[in-house]
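Notes to accompany the following structure.
The values are calculated or read from the model by the stated rules, or taken from the named source; none is laboratory data. For clarity, every value in this text was computed on a predicted model and none was experimentally measured. Here the Cβ is made from the backbone with ideal geometry for all residues, glycine too, and neighbour counts use every protein chain on show. Keep in mind that these areas ignore ligands, DNA and RNA; they rest on the heavy atoms of the full protein, side chains included. Shrake-Rupley method; radii C 1.70, N 1.55, O 1.52, S 1.80 Å.
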Amino acid sequence: MGRRKYIPAILVMFILFFMIAFVTGLQNPLGVIVKFQFGLSNWASQLGNLLNFMAYALMGLPAGFLLKKYGYKISALIATGIGFAGVGLLFLSGITASFWVYLLGAFVAGFSMCMLNAVVNPMLNTIGGGGNRGNQLIQVGGSFNSLAATVIPFVVGWLMGRHTSHTIKDADPVFLVIMGIFLIAFIIIFFTPIPEPDRDPHAKLQLLPARGSVSYLSFRHFVLGAVAIFLYVGVEISIANSANIYLIHDMGIHPLKAGIIVSSYWLCMFIGRAVGGYYGARFSSHDMLSFAAFGALALIVMAIFTPSKIMFVFGRYGTDIPVNVLFLILCGLFTSVMWGAIFNLAVDGLGKYTAEASGFFMLMVCGGGVIPLLQGLLADLVGFLNSLWLIFACLAFILYYASAGYKNVNRKISV
């Protein structure tokens, strides 16, 4: 049988990968909606996105604890239940037209996505046996993640285009569909056999390892990898969010067309992850990450220095968009493989510390809320193109990690 017996579990994890991106990706078009509905600035429109990712900062370590104590299945069931509640609050925010209920819904949904991430990444890496095969499974799962992210801006943009009001209620059909998918996923997970890690029923929640004790934080390559993932998630989200706001607010492009354009970024990520999944077992993770970071850096430099008045005709309807935005869209081809490669490199050689390390890793995903907020603030102060220097700095660190920081210099620690 070998790994064939894990195929149902792998398929369930791929479904959860899809849901993670679908719910997380909602914050991009919803940020545009609340900007219109409540008259917000660029940085304030990112508050929902910030809270969605700040939930990772609060839930990352508890997610690792739940995984260690209760295993994959129970953790996944809890996560899908919370996800249903979070999207339900987003639906309620449309009915009440309340910005605060919207923020609460974004926060609760972020809790769920953090827990799901803590389950699917180490599970796929473990089933793949770590190394290149583990990276390959994560990349394939990531392609489902990118497929969902490709769909959501287009769908919400289409719903916004049907109404002149641009309110949260425009997205009601999406909320109902997601709640239905969470319910179905809960039922599938409940009845599907899932391989479990070595659980510790007596485990106690520890926010940080005891001082002087050996833990996942004792490994330099993991600490640097956690910083890299903080910056990477921020880069991934910032590119899409800022491009969407720039196209609609500064360029005056119709929300439907802007949604289609931004969805092309996620489509590029889907293509990149599909290619990465196919070749994932043939190239080392650090080589793949080095190539991706260098390519993304080159495109960001081109986006910064290309005059914004140079236009590009996008799509069959002949929408004129700045070439700068085209370069940002193409970044998706390179950012696509970074998550799996960084995770694979960061947990390599951690052994018994992997489960708790995965929880800390999820904590650092809060970068997806912090970096876009900072870039939005920079965009308000110095303009959209100059704010991209923040993205450049983040990618420069990721390139360093891929070339040198990934090396495990703590091999004498018993795992």
Inset, instruction - Kindly rank 366-376, 216-226, 101-111 from highest to lowest mean number of other beta carbons found within 10 Å of each residue. - result: 366-376, 101-111, 216-226
Legend entry - Distance violations [Cα-Cα > 19 Å] among 68/412; 68/407; 69/352; 352/412; 35/309: 68/412; 68/407; 35/309
Inset, instruction - Could you order 282, 411, 273 by accessible surface area, starting with the largest, using a probe radius of 1.4 Å? - result: 411, 282, 273
Inset, instruction - Heads up, I need the accessible area for residue 47: 1.4 angstrom probe, whole protein in place, Å², nearest 10. - result: 50
Inset, instruction - Name the long-range amide H neighbours of residue 312: under 5 Å, sequence gap of 5 or more, or other chain; modelled H, no Pro or chain starts. - result: 321, 323
Inset, instruction - Taking all protein chains together and a probe of 1.4 Å, list 308, 215 from the most accessible to the least accessible. - result: 308, 215
Legend entry - Which of 169, 69, 309 is most accessible, then next, and so on - probe 1.4 Å: 309, 169, 69
Legend entry - Order by protection proxy (mean Cβ within 10 Å, highest first), peptides 400-409, 14-23: 14-23, 400-409
